[in-house]
Amino acid sequence: MTREISVELRNVDKVYDTAKVVDGVSFSIKKGEVLVLIGPSGCGKTTTLKMINQIIPHTAGNILVNGEDVTKLDPVELRRSIGYVIQYIGLLPHLTIEENINFVLQLTKRPKKEQQERALELIETVGLPADYLKRFPRALSGGQQQRVGVARALAADPAILLMDEPFGAVDPLTREQLQNELMRLQETIKKTIVFVTHDMQEAFKIGDRIGIMKEGKLVAMGSSMELVNSDDEFVRDFIGRGALFDVLDTISVTRVLRKDIPTIREGEHFDKESKMNGWDNILVLDERDAFLGYVSIENIDASGKISGDAVQRVADAFPAELSIKKAIEEMLYGGRTWLPVAGDDRVFKGIVTFDSCAGLLSKEGGS
Amino acid sequence: MEVFIQAWNYFLNRREFLFETLGDHFMLVVWATLIVIIIGVPVGILISRTDRLKEIVIGTVGVFYTIPILALLGFLITIMGVGTRPALLALVLYGLLPVVRNTCVGILQVPEMTKEAALGMGVNNLQMLFKVELPLSFPVIFAGIRTAMVMNFSLATYAVFIGAGGMGRVIMQGIRTYNTGMLLAGIILVVVATVSLDRLVGYLDNRVQRKFSLVE
Ligand SMILES: Nc1ncnc2c1ncn2[C@@H]1O[C@H](COP(=O)(O)OP(=O)(O)O)[C@@H](O)[C@H]1O
Ligand SMILES: [Mg+2]
């Protein structure tokens, strides 16, 4: 699948006096992709982010936004077309939540009515009650303010969002909630997001790709699985030993589902010869394709009917959102070797097994 | 006790004259304060942009502050003669320091983070000033204006020495003519007016501070 490049950095440097704080950074981000930048404090993440919307001008190299060199664009227009969320106190304390959300629309003098409707829509999008619109930022908790920050960044419907440790100042529970909401939101809005964090778990959870920075250089870039399997010592040290399980907790079992297992609807006939695909058991579904249990091939008689009450009924199917880590735990502690998985509508989707999980590790392993 | 009765009688008899004089006094202060705002706020904004200019300007306005008012008035008579205009100029010179300084300080204390967020949303220079910096430094600027106004209200009693009107005239005339009723009536009126003004502006200040409070 090839997608348009939304943001591209080519050999970008930032030099202050004599210190090179960003050193030859290159990467490109596809439209709708979430790129996370992570690294030790002071490694140049924020500087890299701010060069994209030219809050900090770069010293050398090229930065392209939608294919256009940012130095050729009006910086004010460029910034209005890019959503920007910073760690905190980014809200203007003298404006109501509504005025804060509409700040960009107001700068560009959009009609009042449009502004009101947009604010109402956005406050709901970020999960706050509409009567908060009339409040002032100081009346809101940190997590609520951060939601408003996200709403404000979305107001002008920018294609690109820059987020600098947006959830860094809230408690861990709120952070997890905000992360989940952002990911749910991203499924529908499909923005191009550059997200800076110092929290590896957050990076694994949110990033389609993760870039690791060190002393101004981008030292590694890849999916979470690629980074976990990296041979680079700094990368391994940086992401730590427990990282594999953190990553597995962010990947849903739909990635490792086996769908080749034979199934039979209760009461229907089964053609043993053609459909077994090498399996010894057949899964039994009800008339709506919800998982019921399984039956051994020996219990299917010559006519293809299940004999007697041979169906082994095991626990219900698991939801498709189940993470691979949870699936492995479920199998280990539950003494099982496979789990059935169903969608929201309870329709059976496939099974996850130890082998299929291990397959993910070797398939994406190496570099 | 006698003197208070005299003062009361004087007040009753010369009410109109007293209130007219108080009105002149007040108008002198209002004009001075307006001019101070019109000059002081832009100067304060300007000097908040560069460190060097800031030192020079704050130093210069600070000098006016240290000149005794009588010396300043005397000097102004030699170049402008007597009348309301030199009195107004004196009050403006005194009022500049708190307004210039507070505007500059107010703008400098706007959090970098807030300005950066606004910049990231695409404000231009003017919008940064009018939509972010000025509203957020308004409480501090207002406090400077309050100081200038209340101070000018007391200082304006000296305007009599330069031939301008105001409550100073009532007091001086009371002293010169040994009219204790007049003297005391003038003093009480000016004290009550100063305290009331301070309270009123203080109340407004309080409202402003609360509305614009930066407490998260
Ligand atoms: N205005 C500046 N002048 C000089 N050095 C700066 C300036 N801003 C940032 N730096 C330096 O640049 C480096 C990278 O900073 P930053 O991008 O904020 O790091 P990070 O966001 O990864 O913590 C740091 O060492 C910091 O001290
Ligand atoms: Mg940073």
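The values are calculated or read from the model by the stated rules, or taken from the named source; none is laboratory data. Keep in mind that what you see is a predicted model, and the values were worked out from it rather than measured. All Cβ positions, glycine included, derive from the backbone under ideal geometry; neighbour counts span all protein chains shown. For accessibility, only protein heavy atoms count, side chains too; no ligands or nucleic acids. Shrake-Rupley method; radii C 1.70, N 1.55, O 1.52, S 1.80 Å.
Checked against the criterion of being over 22 Å from B:THR66 (Cα atoms), in a helix (DSSP H, G or I), touching a residue at least 60 places away in the same chain (Cβ under 8 Å) and open to solvent by 60 Å² or more (accessible area, probe 1.4 Å), the candidates B:PHE138, B:PHE142 yield just one match: B:PHE138.
In this structure, B:VAL105 does not qualify as modelled with pLDDT under 90 and either of a type outside the set (Ser, Thr, Tyr) or open to solvent by less than 10 Å² (accessible area, probe 1.4 Å) (or both).
Can you find even one residue in segment B:192-206 that is within 30 Å of A:PHE103 (Cα to Cα), part of a helix (DSSP H, G or I) and in contact (Cβ under 8 Å) with a residue 24 or more places away in the chain?
Checked segment B:192-206: at least one residue is within 30 Å of A:PHE103 (Cα to Cα), part of a helix (DSSP H, G or I) and in contact (Cβ under 8 Å) with a residue 24 or more places away in the chain.
Among residues belonging to segment A:157-172 that are closer than 19 Å to A:VAL34 by Cα and small (Gly, Ala, Ser), point out the one that is farthest from ligand 2 (Cβ to nearest atom).
A:ALA159
For the condition outside the structural domain of A:MET221 (by TED's automatic domain parsing), open to solvent by less than 30 Å² (accessible area, probe 1.4 Å) and of a type outside the set (Lys, Arg), A:ALA320 qualifies.
One line per residue, one yes/no per condition, for (1) among the β-branched types (Val, Ile, Thr); (2) within 20 Å of A:ALA358 (Cβ to Cβ); (3) in a strand (DSSP E or B); (4) modelled with pLDDT under 85:
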| residue | (1), (2), (3), (4) |
| --- | --- |
| A:THR254 | yes, yes, no, no |
| A:HIS269 | no, no, no, yes |
| A:VAL284 | yes, no, yes, no |
| A:ARG288 | no, no, no, no |
| A:SER303 | no, no, no, yes |
| A:GLU321 | no, no, no, no |
| A:GLU330 | no, yes, no, no |
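Only strands (runs of 3 or more DSSP E) whose full extent lies in segment A:1-118 are considered here, and the ones with at least 1 residues that are more than 16 Å from ligand 2 (Cβ to nearest atom), open to solvent by 50 Å² or more (accessible area, probe 1.4 Å) and away from chain B (no Cβ under 14 Å) are A:5-16, A:19-30, A:60-65.
Checking the structure you have, find out if any residue of segment A:195-209 is of a type in the set (A, V, I, L, M), more than 16 Å from ligand 1 (Cβ to nearest atom), open to solvent by less than 10 Å² (accessible area, probe 1.4 Å) and modelled with pLDDT of 95 or more.
no
For the structure I just gave you, tell me whether B:LEU93 is under 30 Å from B:ASN206 (Cβ atoms) and surrounded by fewer than 21 Cβ atoms within 10 Å (Cβ to Cβ). Taking the combined requirement at face value, the residue satisfies it. Looking at segment A:65-75, is at least one residue farther than 30 Å from B:VAL208 by Cβ and within 15 Å of ligand 1 (Cβ to nearest atom)? No, there is no match, as no residue in segment A:65-75 is farther than 30 Å from B:VAL208 by Cβ and within 15 Å of ligand 1 (Cβ to nearest atom). Whether any residue in segment B:145-163 is within 26 Å of A:LEU92 (Cβ to Cβ) and open to solvent by 20 Å² or more (accessible area, probe 1.4 Å) is what I want to check. The answer is yes, given that some residue of segment B:145-163 is within 26 Å of A:LEU92 (Cβ to Cβ) and open to solvent by 20 Å² or more (accessible area, probe 1.4 Å).
Candidates B:GLY165, B:GLY106: the one that is over 30 Å from A:ILE52 (Cβ atoms), assigned to a helix (DSSP H, G or I) and more than 10 Å from every other protein chain (Cβ to nearest Cβ) is B:GLY106. Restricting A:ALA315, A:ALA358 to those that are out of contact with any strand residue (DSSP E or B) (no Cβ under 6 Å at 6 or more places or on another chain), exposed (fewer than 13 other Cβ atoms within 10 Å of the Cβ) and in a helix (DSSP H, G or I) reduces the list to A:ALA358.
Is there a residue being within 16 Å of ligand 1 (Cβ to nearest atom), away from every other protein chain (no Cβ under 14 Å), touching a Lys or Arg at 6+ places or on another chain (Cβ under 7 Å) and not basic (Lys, Arg) anywhere in segment A:167-176? The answer is yes; a qualifying residue exists. Restricting attention to segment B:183-201, the residues that are closer than 20 Å to B:ASN13 by Cβ and surrounded by 12 or more Cβ atoms within 10 Å (Cβ to Cβ) add up to 9.
Please determine whether any residue of segment A:186-193 is within 16 Å of ligand 1 (Cβ to nearest atom), away from chain B (no Cβ under 14 Å) and in contact (Cβ under 8 Å) with a residue 12 or more places away in the chain. Steps first, answer last, please.
If we filter segment A:186-193 for residues that are within 16 Å of ligand 1 (Cβ to nearest atom), which is where we start, we get none.
Checked segment A:186-193: no residue is within 16 Å of ligand 1 (Cβ to nearest atom), away from chain B (no Cβ under 14 Å) and in contact (Cβ under 8 Å) with a residue 12 or more places away in the chain.
Taken together, the residues in segment A:155-174 that are open to solvent by 10 Å² or more (accessible area, probe 1.4 Å) and at pLDDT 90 or above amount to 5.
Among the residues in segment B:195-215, are any closer than 25 Å to B:TYR94 by Cβ, within 14 Å of another protein chain (Cβ to nearest Cβ) and small (Gly, Ala, Ser)?
no
Conditions tested, residue by residue: (1) farther than 19 Å from A:PHE348 by Cα; (2) open to solvent by 50 Å² or more (accessible area, probe 1.4 Å); (3) not small (Gly, Ala, Ser).
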| residue | (1), (2), (3) |
| --- | --- |
| A:ASP249 | yes, yes, yes |
| A:SER252 | no, no, no |
| A:ASP260 | no, yes, yes |
| A:LEU283 | no, no, yes |
| A:GLU287 | no, yes, yes |
| A:LEU292 | no, no, yes |
| A:ILE300 | yes, no, yes |
| A:SER303 | yes, yes, no |
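In segment A:239-246 there is at least one residue that is in contact (Cβ under 8 Å) with a residue 24 or more places away in the chain, more than 14 Å from every other protein chain (Cβ to nearest Cβ) and either assigned to a loop (DSSP other than H, G, I, E, B) or within 16 Å of ligand 1 (Cβ to nearest atom) (or both).
Filtered by the rule that a residue be more than 7 Å from every other protein chain (Cβ to nearest Cβ) and open to solvent by 10 Å² or more (accessible area, probe 1.4 Å), segment B:115-135 gives B:LYS115, B:ASN125, B:LEU126, B:MET128, B:LEU129, B:PHE130, B:LYS131, B:LEU134.
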